[in-house]
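Have a look at the structure below before the remarks.
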Amino acid sequence: MKKTLLGVATFAMASTLFLKYYPMFGKAPNSKKKLSYRSSPIFDNKKFNNLYPTIIKSDAKFLASVMKDYIRNIPNLAPTKPLPTQPFHWRVQPSTETKVTWFGHSTVLLELNEKTIFIDPMLGRSPSPFPQIGGKRYNPGLPFELSTVPTIDIVLYSHDHYDHLDYDSVKLLKNKASLFIVPLGVGSRLEGWGVPADKIKELDWWDTLKVSGIQFTSTPARHFSGRSLFDHNSTLWSSWVIQDEETKIFFNGDSGYGPHFKEIGEKYGPFDFTMMECGQYDERWAPIHMMPEETVQAHLDLRGQLLMPIHWSAFTLAFNEWTDSIERVTEAAKEYGVAITTPKIGQSVTVGVEVYPTEQWWKTV
């Protein structure tokens with residue numbers, strides 16, 4: 001009996017230490033940080049909350065249905081060959097035009113006002129705390145070599161999930177980026193991975209920061225956060241309004257559909273360009289990830305001009321055929337008369353011009 005109790009205690013201690021110190025999890029905000037968040041209307045002294053009920057019923061029925069989908073053979077969950085990409089060469093100087101380059105999933109390079117803004121730079125091979133066994137990126141590499149990444153002016157994060165905030169990517173960028181702009185609490189993750197505190201700016205919803213003639217506004221999203229079993233909603237999740245004197249851009253991050261899109265559109269729209277999630281959806285978790293048709297409606301609520309679908313074409317995180325999301329969102333855009341651009345991974349889109357990528361390249365895979 002004593003040996004059994006000792007074994008249980010040892011296991012419990014080892015598990016606690018693992019959850020606390022395994023670097024991939026990252027540090028959650030400490031009690032001092034939490035005190036500083038008490039002025040936020042969406043923080044309840046323990047965690048952040050959505051503006052309106054966002055509940056996923058993770059009961060036995062839900063878990064059973066997910067497990068059933070997990071083990072059954074769903075065709076075309078991932079492409080059978082590498083996706084076509086366009087090689088990307090980092091410019092010595094950022095473009096004088098506003099350019100957006102998509103690197104798959106939600107990773108985007110924005111060149112605005114002659115500054116480089118790297119948004120949700122997930123450059124790793126797997127969106128998992130255990131990359132060796134997690135789901136792999138569709139393509140074996142990116143449209144550029146990691147060794148060629150130059151100095152970056154600003155890194156912008158929407159939230160701390162593994163498919164957006166990647167440990168190895170932060171380690172790569174911590175000495176290359178001049179500034180990290182993040183939602184409340186995410187700075188603790190970065191500091192734990194060696195990013196100096198004076199290079200991090202944390203924003204609450206509706207907070208605004210102006211840097212080099214570019215205004216960043218953290219805006220609501222309908223989602224959640226967390227990287228381990230014990231830090232659920234300890235950090236904030238955001239969408240972002242990014243603008244200079246001539247151009248307004250919206251980055252969705254992750255979000256279920258809701259009235260917040262119309263509110264953002266009324267306050268900051270119309271937008272020249274929106275980057276909106278369309279993938280990894282399911283009716284069972286629709287409160288936190290939009291269905292493709294809702295993606296188009298959210299773009300309309302924002303009063304957007306040109307829509308670029310993101311959050312697809314890199315990882316399988318739901319039970320849909322990998323092309324289903326882009327097929328549905330392009331069909332909905334056509335139905336509602338919405339201009340949509342579908343660049344290849346690595347292909348740049350110039351904002352504000354009449355010609356933009358529209359090739360349905362996924363049909364050739």
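In the elastic network of the chain, a GNM with C-alpha springs shorter than 10 Å, the most mobile of Pro343, Pro196, Pro121 is Pro196. Of the GluC sites (Glu not before Pro) found in the stretch 223-267, the ones in coil according to DSSP and having at most 16 other Cβ atoms within 10 Å of their Cβ are Glu245, Glu246.
State to the nearest 20 debye the size of the charge dipole of the chain about its Cα centre, where the only charges are +1 on K and R beta carbons and -1 on D and E beta carbons.
Dipole about the Cα centre, nearest 20: 1740 debye.
Dipole of the stretch 35-364 computed with +1 at Lys/Arg Cβ and -1 at Asp/Glu Cβ about the Cα centre; of Ser348, Ile42, Pro140, farthest Cα towards the positive end is Pro140. Taking trypsin sites (Lys or Arg not before Pro) in DSSP loop conformation with at most 13 other Cβ atoms inside 10 Å as exposed sites, the chain has its longest uninterrupted site-free stretch at 177-365.
Across the stretch 71-202, Cα-Cα distances exceeding 20 Å account for 48% of all pairs.
Across q = 0.06, 0.08, 0.11 Å⁻¹, the chain modelled as identical point scatterers on its alpha-carbon atoms has Debye log10 I(q)/I(0) values of -0.22, -0.39, -0.74, in the order of the q list. Relative to the compact-globule estimate of 2.2 N^0.38 Å, the Cα radius of gyration of the stretch 291-365 comes out at 1.09. Counting other Cβ atoms within 10 Å as a rough exposure proxy, the listed residues Leu229, Leu179 run Leu229, Leu179 from fewest neighbours to most. Each other residue within a Cβ distance under 11 Å of Arg38 adds +1 if Lys or Arg and -1 if Asp or Glu, for a net charge of +2. Given +1 at the Cβ of Lys and Arg, -1 at the Cβ of Asp and Glu and no other charges, the dipole of the stretch 225-345 around its Cα centre is 120 debye to the nearest 20. Of Lys46/Lys210; Lys171/Lys201; Lys32/Lys267; Lys33/Lys262; Lys115/Lys136; Lys81/Lys248, which ones are farther than 26 Å apart at the Cα? In this structure, Lys46/Lys210; Lys32/Lys267; Lys33/Lys262; Lys115/Lys136; Lys81/Lys248 exceed 26 Å between Cα atoms. Placing a pseudo-label 7 Å from each Cα along the Cα-to-Cβ vector at Val211 and Ser65 gives an inter-label distance of 4.1 nm. Annotation: aspartates and glutamates with alpha-carbon distance below 15 angstrom to Lys57 (same-chain offsets under eight excluded): Asp282, Glu283.
In terms of other Cβ atoms within 10 Å, Leu190, Leu173, Leu236 run from fewest to most in the order Leu173, Leu190, Leu236. Compared with the dominant principal axis of the Cα atoms in the chain, helix 60-71 is inclined by about 70°.
Please return the longest stretch of the chain lacking exposed loop sites, where chymotrypsin sites (Phe, Trp or Tyr not before Pro) count only if DSSP places them in a loop and at most 15 other Cβ atoms lie within 10 Å. Longest site-free region, per DSSP loop and neighbour criteria: 231-365. Compared with the dominant principal axis of the Cα atoms in the chain, helix 2-21 is inclined by about 30°.
Under 19 Å of direct C-alpha separation, and excluding same-chain neighbours fewer than eight residues apart, Lys47 reaches these aspartates and glutamates: Asp160, Glu202, Asp204, Asp207, Asp231, Asp254. Using the Cα coordinates of the stretch 44-129, the gyration tensor eigenvalues translate into equivalent-ellipsoid semi-axes of 36, 24, 10 Å, sorted from longest to shortest. Cross-link reach is defined here as a Cα-Cα straight distance under 14 Å, omitting same-chain residues fewer than 8 places apart; for Lys174 the aspartates and glutamates meeting it are Asp120, Asp153, Asp166, Glu191, Asp198. Have a look at Pro292, Ala318, Leu83 and report the one farthest towards the positive end of the charge dipole of the chain, computed about the Cα centre with Cβ charges (Lys/Arg +1, Asp/Glu -1). The one lying farthest along the dipole's positive direction is Ala318. 3J(HN,Hα) couplings calculated from phi for the stretch 247-259 with the Karplus curve 6.51 cos²θ - 1.76 cosθ + 1.60 (θ = phi - 60°) are, in sequence order, 10, 10, 10, 10, 10, 6, x, 10, 6, x, 6, x, x Hz; Gly and Pro show x.
With springs only between Cα atoms under 10 Å, which of Val355, Val186, Val195 fluctuates most in a Gaussian network model of the chain? Taking springs between Cα atoms under 10 Å, the residue moving most is Val355. Pairwise Cα distances in the stretch 118-179 exceed 16 Å for 45 percent of all pairs.
Every number in this text was worked out from the coordinates using simple rules, so none of it is lab data. Being a predicted model, the structure only gives us computed values, none of them experimental. Neighbour counts are summed over all protein chains in view; Cβ atoms, including those assigned to glycine, are modelled from backbone coordinates with ideal geometry.
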